[in-house]
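The values are calculated or read from the model by the stated rules, or taken from the named source; none is laboratory data. Small disclaimer: the values here were computed from a predicted structure and weren't measured. Cβ placement follows ideal geometry from the backbone for every residue including glycine, while neighbour counts extend to all protein chains displayed.
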Amino acid sequence: MAASWSASASNLGAAAPRAGTPISGTSVDALTRFGLIAAVAVLFSISGGMLWLVGYNYDGLFGNPATKIHPSTYLIVLLLAWRSCASGNPVGHIVHLADRRPASALMAAISIVLLVVVIARQRPGMAGMIDTFVAAALLVLMLSEDDERTFAGLQTVVHVVMTANALLALFEFATKTLIFPYRLDGVAFTTDLRSSALQGHPLANAMVTSIYVLALLSGARSLSMPVRIGLIGLQCAALVAFGGRTAMVTTVVLGGCYLLFQGITKLRQGRVNLLGAALGFMLAALLPVVIIVAAYLGFFDALLERFVSDSGSANARVEMFELFKHLELRDLIVGPDVDLIDSLRRINGLEQGIENPIIRTVLYQGAFFTLLLTFGFVLFLFEVARRCHPGIWLPMLGWVILINTSESVASKTTLLTKFVVLALVLYRPARAAFRPVSPPAWSGQAPR
């Protein structure tokens, strides 16, 4: 039995190689391939503002509980169910996927357990557990089958949707008209004219765009250098339209440091592409002119206003620590009364949010569950990073910085799922010439 399982695991690639090691792809059926591409397209291009137009109150506090889950999450769950049933042995298929991506399986299990606890304790965050963590973990499990045609389709979808998102953001910025504004229970924030584009909230847009820019710098190796430079310029312009201060600073600092170190490394190694160097000097000479002209035309006015007046955002990051003074040790461990936390937030002017995911989770779920969730989250990110080529450290560092400047993964969001898609798709290690192979028939018995 052990020998039989060992052979099956070998054929299926259960013992995944290190990033950068050429391996052959695994074939998946056409429905699964198309479904995964469609799910990612929906994930990146359908916002809560769009869903509201068809009567789907995703971002609101009221309405049908089923509408609090993003459609892409439903697609991912249905695809996993279909793929498991199509394998002929659903349980065996799930075990096989968990064996290939154990940290993702652990993340899904922890999230489901905490979801049950949240429901039993009648605390907020039920939809958040599903959309934020379960969807991301299940998608990584699905992508562990390493189908080359699926990843090629996902690459195309990511680049096309992110380009369309940036173009729409710039159109909204220029016309001062939001096509799909962010809404809360149907109410649009008419005083906030930051672009919402395809992905809803401006700050969520800024975070995804920042990660995408960093990925274009150190990943996306399937694109030519001129195309990458063009996309980086477009996305940086969109960052201004989204008005994300932290995202902009993170992108400029990390991206600038990366380019500086890369340039020094190539000079020391004597490997300098003359055409690339000439193009770089030309762009460096034109960049100040472009910035001055854009500033003269008022392109940066909205972003500069965000730096001058942050609507109390910086003060909120200080005030959130004041909440702990009103809580006992037991409350910190298991989670205080939700009504008490809501009252303290109003008193301290934190109605807009607690701008740190760890602080927010401790306050609403308790330190014990926060530690458990953080443990699974760290292992999950480490596993994702291991499946990417070495350049992943740049967007990973940017991701860690950005998620700690807002509620981010402590509330309902699709940001984590979007991040793992960008990481796994744009940092996919180079493969040798492959011959797709179908998984062998399951014996119906679990491995020993």
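What the table below lists for this structure:
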{"item": "Leading residue by the ranking (nearest to the chain's Cα centre (by Cα)) among those in the stretch 346-358 that are within 15 Å of P124 (Cα to Cα) and at pLDDT 80 or above", "result": "P357"}
{"item": "Restricting the stretch 151-176 to residues that are surrounded by fewer than 22 Cβ atoms within 10 Å (Cβ to Cβ) and among the polar types (S, T, N, Q), the residue that is modelled with the lowest pLDDT", "result": "T175"}
{"item": "Flag for V362 being part of a helix (DSSP H, G or I), touching a Leu at 6+ places or on another chain (Cβ under 8 Å) and free of Cβ contacts under 8 Å to residues at least 60 places away in the same chain", "result": "yes"}
{"item": "Qualifying residue in the stretch 205-212 (condition: outside any helix (DSSP H, G or I), of a type outside the set (F, W, Y), surrounded by 17 or more Cβ atoms within 10 Å (Cβ to Cβ) and at pLDDT 80 or above)", "result": "no"}
{"item": "Restricting the stretch 182-204 to residues that are touching a helix residue (DSSP H, G or I) at 6+ places or on another chain (Cβ under 7 Å) and part of a helix (DSSP H, G or I), the residue that is surrounded by the most Cβ atoms within 10 Å (Cβ to Cβ)", "result": "P202"}
{"item": "Considering residues of the stretch 53-83 that are loosely packed, with under 14 Cβ neighbours inside 10 Å and without any contact (Cβ under 8 Å) to a residue 60 or more places away in the chain only, the residue nearest to L36 (Cα to Cα)", "result": "L78"}
{"item": "Residue identified as more than 25 Å from L402 (Cβ to Cβ) and under 17 Å from the mean Cα position of the chain (by Cα) among M142, M107", "result": "M142"}
{"item": "Residue list for the stretch 81-110, restricted to those being under 23 Å from F382 (Cα atoms), in contact with a helix residue (DSSP H, G or I) (Cβ under 7 Å, 6 or more places away or on another chain) and not charged (D, E, K, R)", "result": "I94, H96, L97, A98, A103, S104, A105, L106, M107, A108, I110"}
{"item": "Search result, residues across the stretch 58-78 that are outside any helix (DSSP H, G or I), of a type outside the set (G, A, S) and over 17 Å from the mean Cα position of the chain (by Cα)", "result": "Y58, D59, L61, F62, N64"}
{"item": "Residue within the stretch 318-333 that is closer than 29 Å to A109 by Cα, modelled with pLDDT under 90 and in a loop (DSSP other than H, G, I, E, B) present", "result": "no"}
{"item": "Close pairs (8 angstrom Cβ cut-off, 6 or more residues apart or separate chains): within 15 Å of E407 (Cα to Cα) and aromatic (F, W, Y) in the stretch 313-329, modelled with pLDDT of 80 or more and assigned to a helix (DSSP H, G or I) anywhere", "result": "F321/I359"}
{"item": "Hits in the stretch 84-108 - residues which are touching a residue at least 60 places away in the same chain (Cβ under 8 Å) and part of a helix (DSSP H, G or I)", "result": "V91, G92, H93, V95, H96, D99, R100, P102, A103, S104, L106, M107"}
{"item": "Failed item in (1) farther than 18 Å from N165 by Cβ; (2) of a type outside the set (D, E, K, R); (3) touching a Pro at 6+ places or on another chain (Cβ under 8 Å), with T246 passing the rest", "result": "(3)"}
{"item": "Among residues of the stretch 121-150, those that are surrounded by fewer than 19 Cβ atoms within 10 Å (Cβ to Cβ), assigned to a helix (DSSP H, G or I) and not aliphatic (A, V, I, L, M), counted", "result": "3"}
{"item": "Flag if I179 is more than 30 Å from Y364 (Cα to Cα), surrounded by fewer than 23 Cβ atoms within 10 Å (Cβ to Cβ) and modelled with pLDDT under 95", "result": "yes"}
{"item": "Residues of the stretch 144-190 that turn out to be of a type in the set (F, W, Y) and free of Cβ contacts under 8 Å to residues at least 12 places away in the same chain, as a count", "result": "2"}
